[in-house]
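> Here it is: the structure, laid out below.
The values are calculated or read from the model by the stated rules, or taken from the named source; none is laboratory data. Please read these numbers as outputs of a predicted model, since none were measured by experiment. Methodologically, a virtual Cβ is constructed for each residue, glycine included, from the backbone with ideal geometry; neighbour enumeration extends over all protein chains shown.
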């Protein structure tokens, strides 16, 4: 299954069914390390607004920015919201300051990627101490798999 609405975002990536989880992001062509994969789009929330929302802990499309705001890819987002997690990822998300001073999230490859290969991020989730690890199991299957979407302990 392909999500055509999500594929309008960018010619480098395609959203389709993933063997890891639900939909995933795939490279349309071979990509070098450092390839720019686009911007994370979605509704913006202040910390106060985000705290009032009821979120589904098992499926989240939230990115927290260093200024305390959030981008919710499930509302007005693009195909980049479908990056799946892997403990040994081939992409990274990074914060960028725009000319108006606001922050955004961009994605780039960290290794060379073959055409058709699924693109992954390490979510490194930061969650409440009382969070149930069973709700955040990793399904990546890599040799480096730590079994959870949680950030590695420091």
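> Regarding segment 125-142, can at least one residue be identified that is at pLDDT 95 or above and under 17 Å from the mean Cα position of the chain (by Cα)? So that I can check it myself, show each step before the final result.
Initial filter on segment 125-142 (at pLDDT 95 or above): none.
No, segment 125-142 contains no residue that is at pLDDT 95 or above and under 17 Å from the mean Cα position of the chain (by Cα).
> Restricting to segment 1-47, give me the number of residues that are surrounded by fewer than 14 Cβ atoms within 10 Å (Cβ to Cβ), modelled with pLDDT of 95 or more and within 16 Å of the chain's Cα centre (by Cα).
2
> Something else now. Does residue 93 count as touching a strand residue (DSSP E or B) at 6+ places or on another chain (Cβ under 8 Å) and either in contact (Cβ under 8 Å) with a residue 40 or more places away in the chain or assigned to a loop (DSSP other than H, G, I, E, B) (or both)? Working first, answer last.
Numbers: touching a strand residue (DSSP E or B) at 6+ places or on another chain (Cβ under 8 Å): yes; either in contact (Cβ under 8 Å) with a residue 40 or more places away in the chain or assigned to a loop (DSSP other than H, G, I, E, B) (or both): yes.
Judged against the criteria, residue 93 is a match.
> Still on this model: (1) touching a residue at least 60 places away in the same chain (Cβ under 8 Å); (2) touching a helix residue (DSSP H, G or I) at 6+ places or on another chain (Cβ under 7 Å): which one isn't true of residue 109, the others all being true?
(2)
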